[in-house]
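Below is one structure, written out as structure tokens; the observations come after it.
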Amino acid sequence: MEKRVVLKNCGVIDPGDIASYLTRDGFRALEKALTGPNSQQVIDDVKASGLRGRGGAGFPCGLKWELAAKAEGAEKYVICNADEGEVGTFKDRYILENDPFSLIEGIAIAGYAIGAKKAFIYLRAEYHFLLNLVKNAIAQSKKKGFLDHLDIEVREGAGAYVCGEESALMDSIEGKRGEVRYRPPFPPTSGLWGKPTIINNVETLTNIPRIILNGAEWFGKMGTEKSKGTKVFSVSGDVAKPGVYELVLGSPLRELVEDLAKAERVKAVQIGGATGRIIPYAMIDTPLSFESVLGAGAITVFDESRDIIDIVGKTMRFLAEESCGKCAPCREGTEVMAETMERLARGEGVEKDIKVLEELSETMMLCSLCGLGQAAPIPVVDSLEHFRGEYENRIQQS
Amino acid sequence: MKKAGQNGGKLLVLLEAAQAKSAHISTETITELAESLDLSIGEVYGVASFYSFLHTKPKGRHVIRICKSLPCLLKNAQTIIDSVRQELGIKPGETTADGKFSFELTNCIGACDKAPAMMVNSDVHGNLTPKKIAKILKAYK
């Protein structure tokens, strides 16, 4: 069953008019935060809620905020990652176009919590059509006096998948090529221009007003032990009803794919975009949570007519194109994987391909600089585990 | 001489503005930006060439980008690619002789719920069928 917490205003309010947001408890959470005991209380509430990052990595949000709040320096930044580039993900677009005000309120609370005076929303180039809507929402919030403590600026990306990765995103805001940084230091101590910075996903920040207003205890009642709250999913592929669905964390994959999105004859589901896990239909009751599988909530469904080897080949080609090229394991590894998979799909595979793919997967997972390269082999590894017969048959027929 | 990161984040914003004005980023623009921001030409070109939405070569007045990521491919994006190709007589990566359209393939544009989808400039068009293509393209003068 759908549970609309993050999406509670979507389709209900007018995203172009703050008045309609104010009638739905709009900015009451910010008011509660600002008139509360202190900013530490806000951080304590977010920590107690158990909220984890919704962009894919699942880092505890309150902990991130606390690190930035305690970091030395007068100049600090909040960044909202609206560079939703993961293949099959469009839930942040949906939030931005239907309820930009909840996001702005979340950013305003985050700014107060860590002591930042400046925030950036990094909007992907593909969402340029939302720029005016978001700017208008910021202007209206400012006019009403909700942003006296924080200046929010929208920065546009220019087309680069890797810029959704937080360190590449910061380089891009700094006006550079979006290349991944070595860590540590991590952004809460040394982020944008070397200053303490928190980077949160659109959905993560949209959760904040709900948590502050209704309390950490209310939030913690939803979900599993390590995955509190709800998750907004983007469902596409072989389904009758593609779209955005919000479910309590821990809900079974079957509910989302079959009951809500009306998929039939499912062969496999990829969860988390290009570098996401591939789940065969036999495991359709897998719970959706950080403990099992989740990512940023991209759900791509493949029915029985699909060729897994072809699908993984296309995915690897995408990753090879979008690798930033800074580290060799990712730059070269994704290219070799793409070439091998494409060769297999054409029926030109050889016996040792499987072994090469497995060895390369291990190297990339261990040695790549960022999450892109570390996670890139996942579709290969998973398809080899669950659909190994298809690989072997294809090689035999070659 | 400075490094790109020392320009207060202005370089990418200025490159985006330059492109919005004249559809691509010319060699002259790169030289001018390098001088005014005290950066090397290589540094500015490096940023301009990194991003797929920035063009260092002239493009058509309208840029068509068809999504070639999996969710769109599953919904027959290839037939859309074929019909644009047929309609305009050019392949992906090319520009029509009259300079009106450039045709590109792109990665996920976040419109998978309306797959197959494409962008024409900043406009997103979804639930495409080969039949709709001619009509959509006609609207761009």
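The values are calculated or read from the model by the stated rules, or taken from the named source; none is laboratory data. Owing to the predicted nature of the structure, the values given are computational and were not obtained by experimental measurement. Cβ atoms come from the backbone with ideal geometry, glycine included; neighbour counts cover every protein chain shown.
Restricting to region A:275-306, name every residue that is away from chain B (no Cβ under 13 Å) and not in a loop (DSSP other than H, G, I, E, B).
Hits for region A:275-306 are A:277, A:279, A:280, A:281, A:282, A:283, A:287, A:288, A:293.
Among the numbered criteria (1) of a type in the set (Lys, Arg); (2) in contact with a Ser or Thr (Cβ under 8 Å, 6 or more places away or on another chain); (3) surrounded by 18 or more Cβ atoms within 10 Å (Cβ to Cβ), which single criterion is violated by residue A:331?
(3)
Only one of (1) assigned to a strand (DSSP E or B); (2) buried (at least 24 other Cβ atoms within 10 Å of the Cβ) fails for residue A:256. Which number is that?
Residue A:256 satisfies every listed condition except (1).
Report those helices (runs of 4 or more DSSP H) wholly inside region A:1-100 carrying at least 1 residues which are free of Cβ contacts under 8 Å to residues at least 24 places away in the same chain.
Once the helices (runs of 4 or more DSSP H) in region A:1-100 are filtered for at least 1 residues that are free of Cβ contacts under 8 Å to residues at least 24 places away in the same chain, what remains is A:18-22, A:28-35, A:39-49, A:61-70.
Name the residues in region B:87-141 that are closer than 16 Å to residue B:76 by Cβ and of a type in the set (Asp, Glu), would you?
Matches in region B:87-141: B:113 only.
For region B:80-132, name all the residues that are touching a Ser or Thr at 6+ places or on another chain (Cβ under 8 Å), at the interface with chain A (Cβ under 10 Å from one of its Cβ atoms) and free of Cβ contacts under 8 Å to residues at least 24 places away in the same chain.
Residues satisfying the conditions are B:110, B:113.
Determine the pairs where a residue that is within 13 Å of another protein chain (Cβ to nearest Cβ), located within region A:190-203, has a partner that is modelled with pLDDT under 95 and assigned to a helix (DSSP H, G or I) with Cβ atoms under 8 Å apart, the partner being 6 or more residues away or on another chain.
Matching pairs, first to second residue: A:193/B:5.
Report, ordered by the first and then the second residue, all pairs with beta carbons closer than 6 Å, sequence separation of six or more or different chains, a first member in region B:35-51 that is within 11 Å of residue B:15 (Cβ to Cβ), and a second member that is surrounded by fewer than 19 Cβ atoms within 10 Å (Cβ to Cβ) and among the β-branched types (Val, Ile, Thr).
Pairs found: B:48/B:56; B:49/B:56.
Residue B:55 fails exactly one of the following numbered conditions: (1) part of a helix (DSSP H, G or I); (2) outside the structural domain of residue B:131 (by TED's automatic domain parsing); (3) not hydroxyl-bearing (Ser, Thr, Tyr). What is the number of that condition?
Just one mismatch for residue B:55, condition (1).
Taking region B:82-131, which residues are charged (D, E, K, R), surrounded by fewer than 19 Cβ atoms within 10 Å (Cβ to Cβ) and in contact with a helix residue (DSSP H, G or I) (Cβ under 9 Å, 6 or more places away or on another chain)?
Listed by number, the residues that qualify are B:82, B:87, B:91, B:94, B:100, B:123, B:131.
When you go through (1) over 24 Å from residue A:376 (Cβ atoms); (2) in contact with a Phe, Trp or Tyr (Cβ under 7 Å, 6 or more places away or on another chain); (3) among the charged types (D, E, K, R) one by one for residue A:177, which number turns out not to apply?
Condition (1) is where residue A:177 drops out.
Please work out which residue is nearest to the chain's Cα centre (by Cα), limiting yourself to region A:350-361 and to residues that are surrounded by 12 or more Cβ atoms within 10 Å (Cβ to Cβ) and over 10 Å from residue A:384 (Cβ atoms).
The residue in question is A:360.
Which condition does residue A:139 not pass, out of (1) surrounded by fewer than 24 Cβ atoms within 10 Å (Cβ to Cβ); (2) over 30 Å from residue A:44 (Cβ atoms); (3) among the hydrophobic types (A, V, I, L, M, F, W, C); (4) under 22 Å from the mean Cα position of the chain (by Cα), if it passes all the others?
(4)
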